[in-house]
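Quick one: the structure is below, and I'll ask about it shortly.
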């Protein structure tokens with residue numbers, strides 16, 4: 001059975017080896033058969049970063065950021081496809097209010113024709129994992145039921161992981177993934193920065209070129 005890691009992110013923009021690229025590389029090195037990158041189509045909660053750059057831009061930047069890591073890496077539009085399925089038959093106004101949570105995304109994957117030959121693992125950070133266990137996610141219990149413990153929880157080497165290890169050990173199938181390359185770099189830092197020398201330390205060269213070419217974030221001269 002193929003083991004497929006699913007990694008969702010806003011990708012606004014995807015960060016380099018100190019962030020998203022480093023996490024994906026660690027997943028590739030963890031012997032998954034495939035690693036699917038899932039840019040968020042629309043945030044589940046309306047107060048969560050009201051304005052993302054377009055899905056097309058974020059999907060393109062993911063293609064650039066992760067292109068050279070491994071043939072196992074697939075940038076997927078599964079969130080968009082599952083949203084389309086969720087809004088089928090709705091008016092444009094009604095559809096604009098619909099977002100896709102992790103439960104709906106997992107149901108979409110499990111509905112694919114080849115689902116019987118694949119086992120899906122959901123990848124997330126330590127804080128998000130603890131929030132899920134605390135019931136803070138949309139349909140938290142449904143997510144836990146669908147994944148049946150198949151979580152990959154990534155963390156920094158310096159993190160205090162005693163409690164995290166205990167939580168993971170209580171969930172058969174879950175695993176911890178130490179990502180030694182992780183730094184404090186964040187997408188919000190990239191969005192707020194216009195210094196190219198600093199940006200070159202936070203994103204891959206191809207993503208930086210894309211940001212400049214398409215005048216995104218601090219390079220938007222219409223701001």
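Work out, step by step, the length gained on full extension between residue 69 and residue 133: first 0.36 nm times the residue separation, then minus their alpha carbon distance; give nm to one decimal.
The span from residue 69 to residue 133 would gain 19.9 nm if fully extended.
Return the single residue from 168, 28, 87 with maximal mean-square fluctuation; model: Gaussian network over the chain, springs between Cα atoms under 10 Å.
Of 168, 28, 87, the most mobile in the Gaussian network model is 87.
Expressed in nm to one decimal, what extension gain is obtained for the pair residue 97 and residue 33 from 0.36 nm per residue of sequence separation less their Cα-Cα distance?
Fully extending the segment from residue 97 to residue 33 adds 19.5 nm.
Counting alpha carbon pairs within less than 8 Å and at least 6 residues apart, what relative contact order, in whole percent, applies to the chain?
Here the relative contact order equals 27 percent.
Right, another one. Work out, in µm²/s and without decimals, the Stokes-Einstein translational diffusion coefficient of the chain at 25 °C, 0.890 mPa s, Rh from Kirkwood over C-alpha pairs.
134
FRET efficiency for residue 206 and residue 183, Cβ-Cβ distance as r, R0 = 30 Å, nearest 0.05?
Taking R0 as 30 Å, the efficiency between residue 206 and residue 183 is 0.95.
Something else about it: With each run of n ≥ 4 DSSP H residues scored as -39500 (n - 2.57), what mean residue ellipticity at 222 nm is computed for the chain after dividing by its residue count and rounding to the nearest 500 deg cm²/dmol?
Helix contribution divided over all residues of the chain: -10500 deg cm²/dmol.
Please find the FRET efficiency linking residue 148 to residue 56, where r is the Cβ-Cβ separation and R0 is fixed at 30 Å, and quote it to the nearest 0.05.
0.35
Read-outs throughout are calculated quantities, based only on the coordinates presented, and are distinct from any laboratory measurement. Since this is a predicted model, take the numbers as computed values, not measurements. Cβ sites come from the backbone with ideal geometry, for glycine too, and all protein chains shown count toward neighbours.
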